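K.L.:
To start, I am sharing the structure in question, which I have written as structure tokens.
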Amino acid sequence: MQLLRGVWAPSAAAGCVLLLLLLHGHVLREGQLAAGSCEIVLLDRDSSQPRRTIARQTARCACRKGQIAGTTRARPACVDVHIVWTRRWCEMTPCLDQEGCDLLVNRSGWTCTQPGGRVKTTTVS
């Protein structure tokens, strides 16, 4: 029994090392995103007009099949592609929890209304 343990322990350790080496090939390289995640690449704010700030952001996403880059809770996220195709923007929950979401009349974007009445408008291009 002791001999079996002596043989089994090194074999198990070698198996673990082999598994780690195999998994290492699938680990994300630097600069790669995990499937289903997004990151903001560029953020530009223009406050040159009084009482108005224009913000443009560019996000990079690695979405799964059936998903496309969108916005969830004011952050870039992967969302179901049918939301974008049908322009039902509020279905992707783009506003923060305390804000209300409304579609723009021409469905080119949405507004997030805060409890104090401040409105954030987002258009899709």
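The values are calculated or read from the model by the stated rules, or taken from the named source; none is laboratory data. As the structure is a computational prediction, the values presented were derived from the model and not from experiment. Here Cβ is always computed from backbone atoms with ideal geometry, including for glycine, and neighbour counts include all displayed protein chains. Protein only, heavy atoms only, side chains kept; ligands, DNA and RNA dropped before computing areas. Shrake-Rupley method; radii C 1.70, N 1.55, O 1.52, S 1.80 Å.
K.L.:
With the structure loaded, tell me whether Trp85 is at pLDDT 80 or above, within 18 Å of Ser125 (Cα to Cα) and touching a Phe, Trp or Tyr at 6+ places or on another chain (Cβ under 6 Å) or whether it fails that test.
P.N.:
So Trp85 fails the test.
K.L.:
Here is a further query. Restricting to the stretch 74-105, what's the tally of residues that are assigned to a loop (DSSP other than H, G, I, E, B) and either polar (S, T, N, Q) or within 10 Å of the chain's Cα centre (by Cα) (or both)?
P.N.:
Of the residues in that region, 2 qualify.
K.L.:
Go through (1) at pLDDT 90 or above; (2) closer than 15 Å to Val124 by Cβ one by one and return the number of the condition Asp97 breaks.
P.N.:
Exception for Asp97: condition (2).
K.L.:
Here's something else I'd like to know. Give the residues of the stretch 106-120 that are surrounded by 13 or more Cβ atoms within 10 Å (Cβ to Cβ) and either assigned to a strand (DSSP E or B) or aromatic (Phe, Trp, Tyr) (or both), sorted by residue number.
P.N.:
Gly109, Trp110, Thr111, Cys112, Thr113, Lys120 - these are the residues of the stretch 106-120 that are surrounded by 13 or more Cβ atoms within 10 Å (Cβ to Cβ) and either assigned to a strand (DSSP E or B) or aromatic (Phe, Trp, Tyr) (or both).
K.L.:
With respect to Thr71, is the statement that it is under 14 Å from Glu39 (Cα atoms), at pLDDT below 90 and either in contact with a strand residue (DSSP E or B) (Cβ under 9 Å, 6 or more places away or on another chain) or β-branched (Val, Ile, Thr) (or both) true?
P.N.:
Against the criterion (under 14 Å from Glu39 (Cα atoms), at pLDDT below 90 and either in contact with a strand residue (DSSP E or B) (Cβ under 9 Å, 6 or more places away or on another chain) or β-branched (Val, Ile, Thr) (or both)), Thr71 qualifies.
K.L.:
Looking at the stretch 82-98, can you tell me whether even one residue there is without any contact (Cβ under 8 Å) to a residue 12 or more places away in the chain, surrounded by fewer than 10 Cβ atoms within 10 Å (Cβ to Cβ) and charged (D, E, K, R)?
P.N.:
Within the stretch 82-98 (the criterion being without any contact (Cβ under 8 Å) to a residue 12 or more places away in the chain, surrounded by fewer than 10 Cβ atoms within 10 Å (Cβ to Cβ) and charged (D, E, K, R)), the answer is no, since none of the residues qualifies.
K.L.:
Right, here's the next one. Checking Ala74 against (1) touching a helix residue (DSSP H, G or I) at 6+ places or on another chain (Cβ under 9 Å); (2) hydrophobic (A, V, I, L, M, F, W, C); (3) on the phi > 0 side of the Ramachandran plot, only one condition comes out false. Which one?
P.N.:
The failed condition is (1).
K.L.:
Could you list all residues from the stretch 49-68 that are modelled with pLDDT of 90 or more and open to solvent by 80 Å² or more (accessible area, probe 1.4 Å)?
P.N.:
Once the filter is applied, which keeps residues that are modelled with pLDDT of 90 or more and open to solvent by 80 Å² or more (accessible area, probe 1.4 Å), the stretch 49-68 yields Arg64, Lys65.
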